[in-house]
Amino acid sequence: MSTPVSVPPTDDRHSAGDNGLRPGLLSRLGAEAFGTLFLVVAGLGVPLFTLPQSNPLPGALAGGLAVTAAMLAFAYISGGHFNPAITLGNLVAGRIGIAAAAAYIGAQLVGAAAGALALFGILRTVPNISDARTAFDTVTAGFGEHSVIQTSMAGVLLVEVLGAALLVAVFLGMTARRNKHAAAAPFAVGLAFAVLLQLGQALGNAPFNPARATASALFSSSWALEQLWLFWVAPIVGAGIAGLVFRGFADAQGRSATAADHADDAADPESDLGDDFDGASDQEAVEKPAAAAPGAGGDDARDFFDGPRSKES
């Protein structure tokens, strides 16, 4: 009599992982760091190294296209946050655990700093740029006298809150499990980011991304670090608002579910607002029975980009 072979539950399979398992936390952090690096290189590099008379690709559009490309390339691994505001929005919405959210934000900061460091090094090689930090000032977020149109602190604060809330809302809505148009999430998020960046650049290079704001401030004049607090506080507030609203919508939807919906949920243990990235290893995921893991695939974004899962025979 043959010994039955232990097969990982269907919910824990992942086409990009070893032996079909979903990527571990380190893989996801690497994807977040690399994706954020790409966003910073494109979002800061295009306006830094283009001449006004050459009619270049606008920096805002470059930033939006970078988001789309990064999500298409890496979101199936990590969910494609690349932005502490989006990670915090997912945390408030119940899609990610606190420890993993902190790890994501750390990875995003590392990737953003590495991208800005690379740009700073390139600036140092340009002969007609005598001060690389002054050059970085032109793409660094600021308010008051450091804003392009002298926008006050209150004005920049308001636009950062509003922009972050809208960006996180688009991300949460497009990556929701029941969204039939979720395949267009990278394009929707990228376009939303491009439009918001166009507004933000006119007011004070508002990036709606604390990691990007931190990276540029590190290599700019001293005033940038003094004003950096605003570009953390405002996106956090905006992300929290969007996360709470989305969670409220999801709760209302859950209360109005029909008996058939409940039956479907019992057959599929994954919930719209499951606990994701709880720090469990892939081996622990294999050992956990699917029926006993009601939050096994909680990140709607990453679960969607996983693609079709293999079925048990």
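The values are calculated or read from the model by the stated rules, or taken from the named source; none is laboratory data. Because the structure is a prediction, the values reported are computed rather than measured. Methodologically, a virtual Cβ is constructed for each residue, glycine included, from the backbone with ideal geometry; neighbour enumeration extends over all protein chains shown.
Identify all residues within the stretch 152-166 that are in contact with a helix residue (DSSP H, G or I) (Cβ under 7 Å, 6 or more places away or on another chain) and not in a loop (DSSP other than H, G, I, E, B); write none if there are none. Can you show your working first?
Going residue by residue through the stretch 152-166, those that are in contact with a helix residue (DSSP H, G or I) (Cβ under 7 Å, 6 or more places away or on another chain) are 152-153, 155-157, 159-166.
Result: Met153, Gly155, Val156, Leu157, Val159, Glu160, Val161, Leu162, Gly163, Ala164, Ala165, Leu166.
Report yes if Ala85 is part of a helix (DSSP H, G or I), modelled with pLDDT of 95 or more and surrounded by fewer than 18 Cβ atoms within 10 Å (Cβ to Cβ), otherwise no.
Judged against the criteria, Ala85 is not a match.
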*Within the stretch 218-232, which residues are hydrophobic (A, V, I, L, M, F, W, C), surrounded by fewer than 24 Cβ atoms within 10 Å (Cβ to Cβ) and farther than 16 Å from Ala102 by Cα?*
Leu218, Phe219, Trp223, Ala224, Leu225, Leu228, Trp229, Leu230
*Could you give me the residue pairs with C-beta distances under 7 Å whose first residue belongs to the stretch 124-147 and is farther than 15 Å from Leu203 by Cβ, whose second residue is surrounded by fewer than 20 Cβ atoms within 10 Å (Cβ to Cβ) and polar (S, T, N, Q) wherever it lies, and which are 6+ apart or on separate chains?*
Arg133/Ser221; Thr134/Ser221; Asp137/Ser221
*Just give me the residues in the stretch 113-151 being under 24 Å from the mean Cα position of the chain (by Cα) and either among the small types (Gly, Ala, Ser) or part of a loop (DSSP other than H, G, I, E, B) (or both), in sequence order.*
Ala113, Ala114, Gly115, Ala116, Ala118, Val139, Thr140, Ala141, Gly142
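In the list Ser147, Ser152, which residue meets the criterion of being closer than 18 Å to Ala234 by Cβ and out of contact with any Phe, Trp or Tyr (no Cβ under 9 Å at 6 or more places or on another chain)?
Result: Ser147 is the single residue among Ser147, Ser152 that is closer than 18 Å to Ala234 by Cβ and out of contact with any Phe, Trp or Tyr (no Cβ under 9 Å at 6 or more places or on another chain).
With respect to Val40, determine if the residue is β-branched (Val, Ile, Thr), closer than 26 Å to Thr134 by Cα and crowded, with 24+ Cβ neighbours inside 10 Å. Steps first, answer last, please.
Values: β-branched (Val, Ile, Thr): yes; closer than 26 Å to Thr134 by Cα: yes; crowded, with 24+ Cβ neighbours inside 10 Å: yes.
Here the answer is yes, as Val40 does meet what is asked.
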_I need a count of the residues in the stretch 77-136 that are closer than 18 Å to Val168 by Cβ and among the β-branched types (Val, Ile, Thr)._
6
*Would you point out the residue of the stretch 185-231, among those that are under 15 Å from the mean Cα position of the chain (by Cα) and among the aromatic types (Phe, Trp, Tyr), that is nearest to Asp131 (Cα to Cα)?*
Phe208
